[in-house]
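Reviewing the structure listed below.
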Amino acid sequence: MKRVLTGIQPSGDLHIGNYFGSIKQMVEAQKTNETFAFIANYHAMTSGSKELAELTMQTATDFLALGIDPEKSTFWVQSDVKEVLELYWVLSSFTPMGLLERAHSYKDKTAKGIASNHSLLSYPVLMAADILLYNSEIVPVGKDQIQHVEIARDIAIKFNNAYGDIFTLPEYQVQTEVATVPGIDGQKMSKSYKNTVNIFGEEKKQLKTIKKIVTEQVTLEEPKKFENCNVYNMAKLFLNEKELINLQNRYTKGGEGHGHFKIYLADVMWEYFGEYREKREYYLAHQEEVRDILETGANKARAVALPLIEKIRAATGIKY
Ligand code: ADP
Ligand code: TRP
């Protein structure tokens, strides 16, 4: 059993790319690993979110609805365990500037014209603190976050070289078998491209979004290709083998248009997330329960963090 840790930024409505690319794996991992999952609200500050408090509660609610089980996982909000900020400072002294200046994510953001500030640059140091504070062994990430886990490892090695084997060295894990979920325009689905199909939303609105999916221009009668069809590629995430073959046959037979397949996709998706919607309604009506879950999670996380931070205080001489 390995300790798996993951952080989620509270950055808005979750989409089906988030679900199949990350959340579903997290829920699965609960069965076989010791899972630690937290809402990275300090990290979200770097993008200047105005509704951070609301988004934090919304993200917690959505993750619980989608299957994060507080009995199995330690689930908390990053800022509820303040020791992470202490470790962030300690690690700063073991972080060469060059390491941060070379980070792709930082370079991409500043190249896009986002004003550089200290939190944008030091973002990977806080992420290293998140990872190292809880003795994480495995960190599942999207491709864009690999380098950040490598930075955490580099910092841990530097610290261990100075003070002995205090930190567990983390490894990243990329979900290669999960293909990138396409958005309604066929590009990677992403909030920043405004091409998302959200998990939770009104039924009519969902259908309206799905109707906007870009498809080939062909007549109703013509047989259609399913292989590169954006509707098909989205639908297949929700279907079993039999249903998939059935849909393929509908494409190749002709006589139905993409409009029909879109309605089918909307129905299948609505059904798929049905039980999650119900759970979400429950948690929305019981926000105090969500807060209690997060508090219990923070206490569990702190209990893991405290012995390590004590060791670090002793080793560095902060404890006098
Ligand atoms: P966004 O691109 O919408 O801002 P995030 O960067 O917040 O999404 O991604 C959160 C998680 O969801 C990451 O683990 C990422 O790998 C996964 N993810 C996001 N979009 C997709 C996608 N289109 N296909 C597969 N996984 C995705
Ligand atoms: N930077 C991650 C992201 O944007 C979120 C995150 C913060 C994280 N701290 C972490 C992920 C620690 C894994 C481990 O997706």
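The values are calculated or read from the model by the stated rules, or taken from the named source; none is laboratory data. Remember, it's a predicted structure, so these values are computed and weren't measured experimentally. Calculation scope for accessible area: heavy atoms of the full protein, side chains included, ligands and nucleic acids excluded. Shrake-Rupley method; radii C 1.70, N 1.55, O 1.52, S 1.80 Å.
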remark   = What the 10 Å binned alpha carbon P(r) of region 61-200 shows, as percent of pairs per bin from 0, is 10, 31, 36, 20, 3, 0
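Give me the Kirkwood hydrodynamic radius of region 201-272, using the inverse of the mean 1/r over all pairs of distinct Cα atoms, in Å to one decimal. Working shown, then result.
Details: mean 1/r = 0.0811 Å⁻¹.
Answer for region 201-272: a Kirkwood hydrodynamic radius of 12.3 Å.
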note = Note, region 2-15: 3J(HN,Hα) by Karplus (6.51, -1.76, 1.60, θ = phi - 60°), whole Hz, Gly/Pro = x, goes 9, 8, 10, 10, 9, x, 10, 6, x, 10, x, 5, 7, 10
query = With θ set to phi - 60° and the Karplus curve 6.51 cos²θ - 1.76 cosθ + 1.60, what are the ³J(HN,Hα) couplings of region 205-211 in order, to the nearest whole Hz, using x for Gly and Pro?
reply = 5, 4, 4, 4, 5, 5, 5
key: GNM flexibility winner over the chain from 135, 117, 230 (Cα, springs under 10 Å)   = 117
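In the structure displayed, which of 24/194; 204/279; 31/107; 24/311 lie more than 30 Å apart, Cα to Cα? Could the numbers behind the result be given before it?
Numbers: 24/194 22 Å; 204/279 20 Å; 31/107 37 Å; 24/311 35 Å.
Cα-Cα > 30 Å for 31/107; 24/311; rest within.
Residue 267 to residue 306: extension gain in nm, 0.36 nm per residue of separation minus the Cα-Cα distance? Write down the numbers at each step before the final one.
Details: separation 39, 0.36 × 39 = 14.04 nm, distance 4.84 nm.
Computed gain between residue 267 and residue 306 is 9.2 nm.
Kindly flag which residue pairs out of 109/143; 2/158; 143/208; 212/253 have an alpha-carbon separation exceeding 19 Å in this structure. The partial results should precede the final answer.
Working: 109/143 16 Å; 2/158 24 Å; 143/208 31 Å; 212/253 23 Å.
Beyond 19 Å between Cα atoms: 2/158; 143/208; 212/253.
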ask   = So what is the relative contact order for the chain, in percent, with contacts set as C-alpha pairs under 8 Å and at least six apart?
value = 22
task = Could you work out the relative contact order of region 201-272, using alpha carbon pairs under 8 angstrom and six or more residues apart, expressed as a whole percent?
result = 44
inquiry  = Can you give me the long-range amide H partners of residue 224? Hydrogens built in the peptide plane at 1.01 Å from N, cutoff under 5 Å, separation of 5 or more residues or another chain.
reply    = 252, 253, 254
task = Quick one: what are the phi-derived ³J(HN,Hα) couplings along region 57-66, Karplus 6.51/-1.76/1.60 with θ = phi - 60°, whole Hz, x for glycine and proline?
result = 5, 4, 5, 4, 4, 5, 5, 5, 4, 7
ask   = How far is the Cα center of region 16-79 from the Cα center of region 242-259, in Å?
value = 36
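Give me the Kirkwood hydrodynamic radius of the chain, using the inverse of the mean 1/r over all pairs of distinct Cα atoms, in Å to one decimal.
Working: mean 1/r = 0.0466 Å⁻¹.
Every distinct Cα pair counted, the radius reaches 21.5 Å.
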request  = Could you state the angle between the C-alpha long axis of helix 287-316 and the longest principal axis of the C-alpha atoms of the chain, as a value from 0 to 90 degrees rounded to the nearest 10?
outcome  = 40
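With every protein chain kept in place and ligands, DNA and RNA left out, what is the accessible area per residue of region 201-272? Probe 1.4 Å, answer in Å².
Numbers: 4570 Å² over 72 residues.
Ligands and nucleic acids excluded, the result is 64 Å² per residue.
What value, in deg cm²/dmol to 500, does the helix sum -39500 (n - 2.57) over DSSP H runs of n ≥ 4 give at 222 nm once divided by the residues of the chain? Intermediate results must be reported in sequence, preceding the final value.
Working: 14 runs with 169 residues, N = 320.
After summing the helix terms and dividing by residue count, I get -16500 deg cm²/dmol.
Mean separation of Cα pairs under 8 Å and 6+ residues apart, divided by the residue count of region 218-320: what relative contact order is that in percent? Don't skip to the end; give the middle numbers.
Details: 48 pairs, mean separation 25.9, N = 103.
Rounded, it is 25 percent for region 218-320.
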